[in-house]
Amino acid sequence: GAGVSQSPSNKVTEKGKDVELRCDPISGHTALYWYRQRLGQGLEFLIYFQGNSAPDKSGLPSDRFSAERTGESVSTLTIQRTQQEDSAVYLCASSLAPGGRNSPLHFGNGTRLTVT
Amino acid sequence: DAKTTQPNSMESNEEEPVHLPCNHSTISGTDYIHWYRQLPSQGPEYVIHGLTSNVNNRMASLAIAEDRKSSTLILHRATLRDAAVYYCIRGNNNAGNMLTFGGGTRLMVKP
């Protein structure tokens, strides 16, 4: 079946512009995560959505970052006034239930963001 | 602390078994142990997970120490396609269901 889909796969933007990244999770998956991965580094947690509960935003690095999810469907990650330090691959993952327990995460292939 | 400890890198020969270790000494009784791997230019891929008992699937086996403070991912016959970064993760129920990824182990497979 269809996996997690992210778009665009690549995005080049100028410093100071806003960008919006999209994630389509696997149908029926209640949990959705956003991670950031800088070149050669591990994954950095950004935000977590679980059903209709308030999201866990504890990983967002600044108020320029925000994310939304409508119900259990598509999520968008928005970065305002982009900076060069925002350049990274942004990964989305979904899971059938809270992913820290007995439910594996399914990742998309990410959006590679380059801020010039 | 939801972190785990893994060696930065390991090497293996093709068609030989590989044992990838992970320490999670502060794990609590309800935390699952998850393993993911990431091939170049791809998102992480689920490999296996477990709680207390050893687990087997078509990709690998997971051996969990009796005290649960460590675990080992076992690839029974390494192939060149298994070259990747392998992440061992604790599912920390006290961390808002967040899965924290450390640096992982970069596995290199020699032909």
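The values are calculated or read from the model by the stated rules, or taken from the named source; none is laboratory data. The structure presented is a predicted model; accordingly, all values stated were derived computationally and were not measured. Cβ placement follows ideal geometry from the backbone for every residue including glycine, while neighbour counts extend to all protein chains displayed. We work out accessible area using only protein heavy atoms, side chains counted, and drop any ligands, DNA or RNA first. Shrake-Rupley method; radii C 1.70, N 1.55, O 1.52, S 1.80 Å.
When the residues of the stretch A:61-116 are narrowed to those that are within 14 Å of another protein chain (Cβ to nearest Cβ) and of a type in the set (D, E, K, R), which ends up farthest from A:Lys17 (Cα to Cα)? Of everything passing the filter in the stretch A:61-116, A:Arg101 is farthest from A:Lys17 (Cα to Cα). Of the residues making up the stretch B:8-25, those that are in contact with a Ser or Thr (Cβ under 6 Å, 6 or more places away or on another chain) and either open to solvent by less than 70 Å² (accessible area, probe 1.4 Å) or among the hydrophobic types (A, V, I, L, M, F, W, C) (or both) are B:Met10, B:Val18, B:Leu20, B:Pro21, B:Cys22, B:His24.
For the residues A:Gln80, A:Gln41, A:Gln84, the requirement of being surrounded by fewer than 16 Cβ atoms within 10 Å (Cβ to Cβ), among the polar types (S, T, N, Q) and within 24 Å of B:Gln42 (Cβ to Cβ) singles out A:Gln41.
In the stretch A:21-53, the residue that is nearest to the other protein chains (Cβ to nearest Cβ) out of those that are modelled with pLDDT of 95 or more and over 19 Å from B:Tyr36 (Cα atoms) is A:Cys23.
Just checking, does the stretch B:3-15 include any residue being closer than 25 Å to A:Ala93 by Cβ, of a type in the set (Lys, Arg) and in a strand (DSSP E or B)? Within the stretch B:3-15 (the criterion being closer than 25 Å to A:Ala93 by Cβ, of a type in the set (Lys, Arg) and in a strand (DSSP E or B)), the answer is no, since none of the residues qualifies.
Take the conditions under 13 Å from the mean Cα position of the chain (by Cα), of a type in the set (S, T, N, Q), surrounded by fewer than 21 Cβ atoms within 10 Å (Cβ to Cβ) and within 14 Å of chain B (Cβ to nearest Cβ) and apply them to A:Ser9. Does it pass? Steps first, please.
Working: under 13 Å from the mean Cα position of the chain (by Cα): yes; of a type in the set (S, T, N, Q): yes; surrounded by fewer than 21 Cβ atoms within 10 Å (Cβ to Cβ): yes; within 14 Å of chain B (Cβ to nearest Cβ): yes.
In short, yes.
Take the conditions (1) within 14 Å of the chain's Cα centre (by Cα); (2) modelled with pLDDT under 95; B:Ala84 misses just one of them, which is (2).
Residues that are open to solvent by 20 Å² or more (accessible area, probe 1.4 Å) and modelled with pLDDT of 95 or more do occur in the stretch B:26-37, at least one of them. Meeting the requirement of 1 or more residues that are of a type outside the set (S, T, N, Q), at the interface with another protein chain (Cβ under 9 Å from one of its Cβ atoms) and out of contact with any Leu (no Cβ under 6 Å at 6 or more places or on another chain), the strands (runs of 3 or more DSSP E) wholly within the stretch B:27-94 are B:33-38, B:45-50, B:84-90. If only residues of the stretch A:65-116 that are in contact with a strand residue (DSSP E or B) (Cβ under 6 Å, 6 or more places away or on another chain), part of a loop (DSSP other than H, G, I, E, B) and β-branched (Val, Ile, Thr) are counted, the one that is farthest from B:Ile89 (Cα to Cα) is A:Thr82. Evaluating B:Thr5 against the criteria (1) within 9 Å of chain A (Cβ to nearest Cβ); (2) touching a Cys at 6+ places or on another chain (Cβ under 8 Å); (3) open to solvent by 80 Å² or more (accessible area, probe 1.4 Å) leaves one unmet condition, (1).
Of all the listed residues (B:Thr100, B:Thr72, B:Thr79, B:Thr105), the sole one being modelled with pLDDT under 95 and among the hydroxyl-bearing types (Ser, Thr, Tyr) is B:Thr100.
Here B:Glu45 fulfils each of the conditions (1) within 15 Å of A:Arg101 (Cα to Cα); (2) open to solvent by 40 Å² or more (accessible area, probe 1.4 Å); (3) of a type outside the set (S, T, N, Q) apart from (1). Among the conditions (1) modelled with pLDDT of 90 or more; (2) assigned to a loop (DSSP other than H, G, I, E, B); (3) of a type outside the set (S, T, N, Q), B:Pro21 misses just one, which is (2).
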